[in-house]
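Undergrad: I am attaching a structure below and will ask some questions about it afterwards.
The values are calculated or read from the model by the stated rules, or taken from the named source; none is laboratory data. Just so it is clear, the structure is predicted and the values come from calculations on it, not from any experiment. So basically every Cβ, Gly included, is an ideal-geometry build from the backbone, and we count neighbours across all protein chains shown. Heavy atoms of the whole protein, side chains included, go into the accessibility calculation; ligands, DNA and RNA do not. Shrake-Rupley method; radii C 1.70, N 1.55, O 1.52, S 1.80 Å.
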Amino acid sequence: MILRFALALFLAALTGPVHALSCMAPDVVWLYQHIKEDEADYLLVKGKVILTELPNYAEPAGMRQTVAFTMARAVGQALSVSGFDAPFDRPITIRSSCAGSWCGAPEGLSEDRHFFALRMEGDRLVLERGPCGGLVERWSEEEEARLLNCHLNGECELKGF
């Protein structure tokens, strides 16, 4: 009985790393379709996120969910009916969640351009970050072409599907 209990605890401890490896492969078309189908209102932006304060994480205990809020500024171009042609420069809130020791850190978003979906919550714009990245995808010319083909022409082919 004790051996079974110890084995169950051991297997439960391994589920965190296994879960972390189960994240979907990044796909900007999936991101676009996800925000279109969600009941919430979103803005899709191509650009950078500049942190205006350092993240404030509480150390997660075990597998408890931890959430941190960080203030930042998003700079780039928002998606309009004709493409990424709407200048964008606004303050945002980054909501980072952690499960165990795997966090959706806001760091690194200012180094390169990204696509990111900002959910409108009243007068705030919120960027969700989670252990698998959240609603952020790395920018490239190829990915922008795929996203715009989906947005403008309705040809929404997902990678690897």
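Undergrad: Identify the residue in the stretch 136-161 that is closer than 15 Å to L79 by Cα and among the aliphatic types (A, V, I, L, M) and, among all such residues, is least open to solvent (accessible area, probe 1.4 Å).
TA: L147
Undergrad: Further question on the same structure: Exactly one condition in (1) over 16 Å from T70 (Cβ atoms); (2) at pLDDT 95 or above is false for L125; which is it?
TA: If we test L125 against (1) over 16 Å from T70 (Cβ atoms); (2) at pLDDT 95 or above, just (1) comes out false.
Undergrad: Any chance you could count how many residues in the stretch 18-45 are surrounded by 12 or more Cβ atoms within 10 Å (Cβ to Cβ), at pLDDT below 75 and assigned to a helix (DSSP H, G or I)?
TA: The number of residues fulfilling the criteria is 2.
Undergrad: Follow-up question, since we're still on this one. Test G108 against the criterion of being at pLDDT below 95, open to solvent by less than 50 Å² (accessible area, probe 1.4 Å) and farther than 23 Å from Q33 by Cβ, and give yes or no.
TA: Criteria met by G108.
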